[in-house]
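K.L.:
Here it is, the structure in full.
Nothing in this text is a laboratory measurement; each read-out follows from the coordinates by a stated rule. Bear in mind that the values here come from a model prediction, so they are computed numbers and not experimental data. We place every Cβ from the backbone using ideal geometry, glycine too, and count neighbours over all the protein chains shown.
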Amino acid sequence: MNRKEAQELFDRYTANLCTPEERAIVERWYAKESDLQQLPEVKDVIGAKNEIWDGVLKQAGLAEPARKSPLRIWISSAAAVFILMAAGFYFYISKFSPAPLDKQQTITDVMPGGDKAVLTLADGSTIILDQAKKGILASEGNTSVSKTDNGQLKYDVMKNGPGTKTAVTYNTVSTPKGGQYHVILPDGTGVWLNAVSSIKFPTSFANKERNVEITGEAYFEVKANAASPFIVKAGETNVRVLGTHFNVMAYADEVSVNTTLLEGRVKVFAGKNASTIMPGQQAVTAKGMINVANVDVEEAIAWKNGYFYFKDADVKTVMRQISRWYDVDVEYKGTDSETAFSGKMHRNVNISKVLEMLSYFKIDYKIIDSRFHKGKKTIVIN
C-alpha cells in the first residue's frame, strides 16, 4: 500500500464507501492511536478528528499547518502515519485483514538489540566486549587485541624480531541473541557479525591462505591481497575471495547458506560444485547444490545498515529475524500461510512497534514472560 492508496482508503471511509475489511483497518488504526495517546473512548472516528489530529502531529513531530478543513487535514496526516507510523518504517502485504483487538495482549515490551559480543582467547578465557573498557584487552602471540574508541574489536600484528617464530593461535568472537559486533581482523579485513553469530580466526595470518570460519551471519569487507586468498567456511559451504565486499548468511535454522556479493568477485564451493558470482548476485547453497540468481543486495545487508527488509516473506521468516534481534522465543498456535510481507523498518524500535505493524495484517500476538526461564520473553503467534 503506497501513500496514494492510503489516502484513497481514508477518503472512502469518510464517504462510507469502504468494504468491511477496509473499514476495520481504519478503525483498528484509530483504536491503536487512541490508546497510544490515552484519549477517551469514542465510537465515531470522525467525531474524534481534533483529538486524533493533535496526537498525529505530536507523534510525527510535525508543525501544524494553517487550518483548512480539520477533517481533510486529519485524513491526510493519518494516511501518512498509517504508512510510516512516525518511526520511519512501513509494511504492506499481499492479502490483509485486521486481527481482533481483544486477542492482542501486550503484557511487556522488549528493547532492541545492540553491540554485544564475547571474545574467547586462545587459552579459553573470555572477555565480555560490551562491558570491557577501551584500550588493549590482551596480547596473543605477536598480536595485540584492543577495543577502539568507537567500540570495534581490533587486531594489530606487531613485527617480529630476527628469527622469531610465533605459533598460530585462534580467537573466536560470538554474538548472543540481541547482539551484533564489528571486528577488524589482523589483516585489516572488516567483519560485521549479526545476532547469534560467530567467527573463528587466527590471531595472525601467517599462511598462504587467510582462513576463517563463521556461524550465523556476517558481512565482510576483505582487505585485498593477491598472494593470500581469503576463505570463509560456513558449514559445508566455502567462499574464496581476494578482496571484496560480501555477506554470508548461514544460520542453522535456515534452509540454505546464502552468499551475496556487493563488490569484486567470489567463488562459492558446496560439495563437488563451484560457482563464481558477480556483484548483485547471490549463491544459494543447500545439500551440495548451488543456485545463482540476481538479487536486491540491499535486502541481504539491511541488518548491517540497521533495518529489517523483507520481500514476500512468510511470518516464520519474519519472526526468525525478530527472535534473534530481540532475544525472544516464538511459539506458533496458528499461522496464515498465505500472508506475504514486504517492506523495511528500523531495528532500533521496541518489539511492540514491530508486532503492532504485523497485527494490522492478520497476525494476532501476545508478549508473555516465561517465569520458568529467568524472565525470558516469548511471542505467541495465534
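K.L.:
What does the charge count around Ala227 come to, taking other residues whose C-beta lies under 15 Å from its C-beta (Lys +1, Arg +1, Asp -1, Glu -1)?
P.N.:
Neighbourhood net charge equals +2.
K.L.:
Additional query: Evaluate E = 1/(1 + (r/R0)^6) for Glu221 and Asn291, where r is the Cβ-Cβ distance and R0 equals 41 Å; express this FRET efficiency to the nearest 0.05.
P.N.:
0.95
K.L.:
Take every Cα-Cα pair in the range 111-206 and report what % of them are more than 21 Å apart.
P.N.:
28 percent
K.L.:
In Å, the Kirkwood hydrodynamic radius of the range 239-347 over pairs of distinct alpha carbons?
P.N.:
For the range 239-347, the Kirkwood estimate is 15.2 Å.
K.L.:
Now for a separate question. Could you give me the ³J(HN,Hα) list for the range 219-234, computed from phi with Karplus coefficients 6.51, -1.76, 1.60 and θ = phi - 60°, whole Hz, x at Gly and Pro?
P.N.:
10, 10, 10, 7, 5, 5, 7, 4, 7, 9, x, 9, 10, 9, 9, 10
K.L.:
Treat the range 171-280 as a sphere of radius equal to its Kirkwood radius over Cα pairs and apply Stokes-Einstein at 4 °C in a medium of 1.567 mPa s; give the translational diffusion coefficient in µm²/s, rounded to a whole number.
P.N.:
93 µm²/s
K.L.:
Exposure proxy check: Val268, Val380, Val328 ranked by fewest other beta carbons within 10 Å?
P.N.:
Val380, Val328, Val268
K.L.:
A follow-up question, please. Karplus couplings for the range 196-210 from phi (6.51 cos²θ - 1.76 cosθ + 1.60, θ = phi - 60°), rounded to Hz, Gly and Pro as x?
P.N.:
After applying 6.51 cos²θ - 1.76 cosθ + 1.60, I find 6, 9, 8, 9, 10, 7, x, 6, 7, 8, 9, 8, 6, 10, 9 Hz.
K.L.:
Please sort by residue number the chymotrypsin sites (Phe, Trp or Tyr not before Pro) in the range 226-294 whose DSSP state is loop and whose Cβ has at most 10 other Cβ atoms within 10 Å.
P.N.:
none
K.L.:
My understanding is that a pair violates if its Cα-Cα distance is over 26 Å; which of Lys177/Lys208; Lys134/Lys223; Lys177/Lys353; Lys154/Lys200 do that in this structure?
P.N.:
Lys177/Lys208
K.L.:
Same structure again: Given points 7 Å out from each Cα along the Cα-Cβ axis, report the Glu254 to Asn211 separation in nanometres with one decimal.
P.N.:
For the pair Glu254/Asn211, the computed spacing is 2.4 nm.
K.L.:
Can you work out the Karplus-derived ³J(HN,Hα) for every residue in the range 279-296? Use 6.51 cos²θ - 1.76 cosθ + 1.60 with θ = phi - 60°, whole Hz, and x for glycine or proline.
P.N.:
Each residue's phi maps through the Karplus curve to give x, x, 10, 10, 9, 9, 10, 7, 6, x, 9, 10, 10, 10, 8, 6, 9, 8 Hz.
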